[in-house]
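Just so it is clear, none of the values below were taken in a lab; they were calculated from the coordinates. Predicted, not measured: the structure shown is a model, and the values here were computed from it. Don't worry about glycine lacking a Cβ; one is built from the backbone with ideal geometry, like all the others, and counts go over all protein chains shown.
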Amino acid sequence: MNDLAVKIKIQEADFDTNYENNNLIVNNTGALVNFVGTVRGNLESSEKILSMTLEHYPGMTENEILNIVNKAIKKWKIEGVTVIHRVGRLLPGDKIVYVGVSSRHRQNAFDACNFIIDWLKTNAPFWKSEELEGIKNWVQARDEDTLALKKWNF
């Protein structure tokens, strides 16, 4: 655990998933799990999403993400964690978020990755608005996402 690698970035630029995955594979890695979230093309109601804009409070956002990553590090045996979250205006199909976790064993990597993304979906200090045909809506946390976070009992 002494060589635990943690990387947290908030950025407008796209990211390379393969590059990030390769950086998480170290000598002690037996498993690598990642999640990549993208902008949907439409809502459940079939309304077309033209774009999504994400805003954040620099400094505070990174600190909050680091706090949740530290909880994951205390709970699961992991070798590395990378969280990249994009901000700015994104189009359907654009990547929004990358969470990568490496571990000696797969279950630790799966659980830590799942926990981090559940937290990002509900509690991370990002403000998201979706632009539809002539309408702009602020995105609210979904009940399913809030319930998913409760299973972790932190």
Quiz prompt | Amide proton proximity set for Leu90, modelled H, under 5 Å, gap of 5+ | solution = Met52, Thr53, Leu54
Self-check item: Under 15 Å between alpha carbons - lysine pairs in the chain that sit 8 or more apart or on different chains
Solution: 11
Quiz item: Arranged by the count of other C-beta atoms within 10 angstrom, fewest first, what order do Tyr19, Tyr98, Tyr57 take?
Solution: Tyr19, Tyr57, Tyr98
Quiz prompt | Residue-averaged 222 nm ellipticity for the chain, from DSSP H runs of 4+ at -39500 (n - 2.57), nearest 500 | solution = -10000 deg cm²/dmol
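Please arrange Val87, Val33 by how many other C-beta atoms lie within 10 Å of their C-beta, fewest to most.
Starting with the residue having the fewest Cβ neighbours, the order is Val87, Val33.
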Practice problem: Select from segment 90-135 those trypsin sites (Lys or Arg not before Pro) which occupy a DSSP coil region and have at most 15 other Cβ atoms within 10 Å, ordered by residue number. | Solution: Arg104
Practice problem: List, in order, the whole-Hz ³J(HN,Hα) value for each residue of segment 126-132 obtained from phi through the Karplus relation with A = 6.51, B = -1.76, C = 1.60 and θ = phi - 60°; use x for Gly and Pro. | Solution: 10, 10, 10, 10, 9, 9, 9
Quiz item: Long-range amide H contacts for Lys7: which residues qualify at under 5 Å (H placed 1.01 Å from N, peptide plane, sequence gap of 5 or more or a different chain)?
Solution: Val81, Thr82, Val83
Practice problem: Normalise the Cα radius of gyration of segment 7-134 by 2.2 N^0.38 Å (N = residues in it) and let me know the number. | Solution: 1.10
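Using DSSP loop states and a limit of at most 13 other Cβ atoms within 10 Å to flag GluC sites (Glu not before Pro), what is the longest stretch of the chain containing no flagged site? If you can, show how the numbers build up before the last one.
Numbers: sites that count: Glu12, Glu44, Glu47, Glu133.
Free of exposed loop sites, the longest segment is 48-132.
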Quiz prompt | Whole-Hz ³J(HN,Hα) from phi, Karplus 6.51 cos²θ - 1.76 cosθ + 1.60, for segment 6-22, glycine and proline x | solution = 10, 9, 10, 9, 10, 7, 7, 5, 5, 10, 9, 4, 4, 4, 5, 4, 4
Quiz item: When the distances between all Cα atoms of segment 113-154 are binned every 10 Å from zero, what whole-number percent does each bin get?
Solution: 27, 45, 22, 6, 0
